[in-house]
Each structure stands twice: as structure tokens, then as C-alpha cells.
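Shown next, in C-alpha cells, is the structure this report addresses.
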Amino acid sequence: MTLRERERAFLIGAPLAVVPALIFLPAVTFLIVFPQVAHGRAIGFVVLPVCALTSSFGLWKLALGAVQKPWGIFNVLSFGALIVLLVIAAYTGLFLALMTLKL
């Protein structure tokens, strides 16, 4: 993988992985668990699979960019984005677990 391909994988993969991960918790909370808008559950059942598909594609791009040799700045940036995604997944899981205790 060339430097240009790694750069492209990072620039496409990072937003596609991080943004849907940030959207997931509010979408579950305000559209499915406690619907705040009319037809919120129907909207949520459309939004969540779209978030899952785009996030998985972005994660695939980030993983490809993080492990390819020779090592460079885009490997480090891709790995950093994966760490950020891991933190987002951890607090999302924690908050979803806490919401089930409140119900």
C-alpha cells in the first residue's frame, strides 16, 4: 500500500468510523428507548443500520491503513482513530448498560 493509498484510507475511514459511533448512543436513546419525536422508533430502526454499515466500512478502511508497511504518519493516525473508536464504544456500552438499569 502506497503512502497515497494509506492517506486516502485514513481520510475516508476516520470520519466514516467515528461519526456514526458518536451518533449511535443519542439515536438509541432519543429515537428508540425514549422516543422524543413522532415515529421515532421507525426512524431509529432506519438510522441505526445505516450507522452500523458506514461505521463498519470506515473501521475496515482504518484497519487497513493502520497495519500496512512501511510505517508512517498515517499508520499512527489510523491507529489513534481506532483508539478513539474504542473509547467511544466503551462509554456507549456503559451508558446503554446504565439505561437498562433505570428502566
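Consider the stretch 56-103. How many of its residues are in a helix (DSSP H, G or I) and either in contact with a strand residue (DSSP E or B) (Cβ under 6 Å, 6 or more places away or on another chain) or not hydrophobic (A, V, I, L, M, F, W, C) (or both)?
Pass one, the stretch 56-103, residues in a helix (DSSP H, G or I): 56-67, 73-102.
After this cut, where a residue has to be either in contact with a strand residue (DSSP E or B) (Cβ under 6 Å, 6 or more places away or on another chain) or not hydrophobic (A, V, I, L, M, F, W, C) (or both) as well, the list is 56, 58, 61, 65, 75, 78, 80, 91-93, 100, 102.
Qualifying residue count, the stretch 56-103: 12.
Output yes when any residue across the stretch 7-21 is assigned to a helix (DSSP H, G or I), among the aromatic types (Phe, Trp, Tyr), surrounded by 13 or more Cβ atoms within 10 Å (Cβ to Cβ) and free of Cβ contacts under 8 Å to residues at least 40 places away in the same chain, and no when none is.
no
Looking at the stretch 54-67, is at least one residue of a type in the set (Phe, Trp, Tyr) and surrounded by 18 or more Cβ atoms within 10 Å (Cβ to Cβ)? If you could, list the steps in order and put the result at the bottom.
Pass one, the stretch 54-67, residues of a type in the set (Phe, Trp, Tyr): 57, 60.
Of the ones still in play, those that are also surrounded by 18 or more Cβ atoms within 10 Å (Cβ to Cβ) are none.
There is no residue in the stretch 54-67 that is of a type in the set (Phe, Trp, Tyr) and surrounded by 18 or more Cβ atoms within 10 Å (Cβ to Cβ).
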Exercise for the section: Kindly indicate whether any position in the stretch 38-46 is modelled with pLDDT of 90 or more, loosely packed, with under 12 Cβ neighbours inside 10 Å and on the phi > 0 side of the Ramachandran plot. Expected result: yes
Fill in the blank from the handout: Over the stretch 35-55, the set of residues closer than 13 Å to Val19 by Cβ and not hydrophobic (A, V, I, L, M, F, W, C) is Thr54, Ser55
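Could you identify the single residue in Ala38, Ala42, Ala66, Ala27 that is among the small types (Gly, Ala, Ser) and under 23 Å from Arg6 (Cα atoms)? Even if it seems obvious, please write down each step before you answer.
Working: Ala38 fails: under 23 Å from Arg6 (Cα atoms); Ala42 fails: under 23 Å from Arg6 (Cα atoms); Ala27 fails: under 23 Å from Arg6 (Cα atoms).
Result of the check over Ala38, Ala42, Ala66, Ala27: Ala66.
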Fill in the blank from the handout: Pro26: passes all of (1) touching a Lys or Arg at 6+ places or on another chain (Cβ under 8 Å); (2) in a helix (DSSP H, G or I); (3) without any contact (Cβ under 8 Å) to a residue 60 or more places away in the chain but (1)
Handout entry: Selection from the stretch 68-94 of residues that are exposed (fewer than 13 other Cβ atoms within 10 Å of the Cβ) and of a type in the set (Phe, Trp, Tyr)
Key = Trp71, Tyr91
Exercise for the section: For the stretch 36-62, name all the residues that are without any contact (Cβ under 8 Å) to a residue 40 or more places away in the chain, within 12 Å of Ala14 (Cα to Cα) and of a type in the set (Gly, Ala, Ser). Expected result: Ser55, Ser56
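The values are calculated or read from the model by the stated rules, or taken from the named source; none is laboratory data. Keep in mind that what you see is a predicted model, and the values were worked out from it rather than measured. Every residue, glycine as well, gets a Cβ built from its backbone with ideal geometry; the counts of neighbours run over all protein chains shown.
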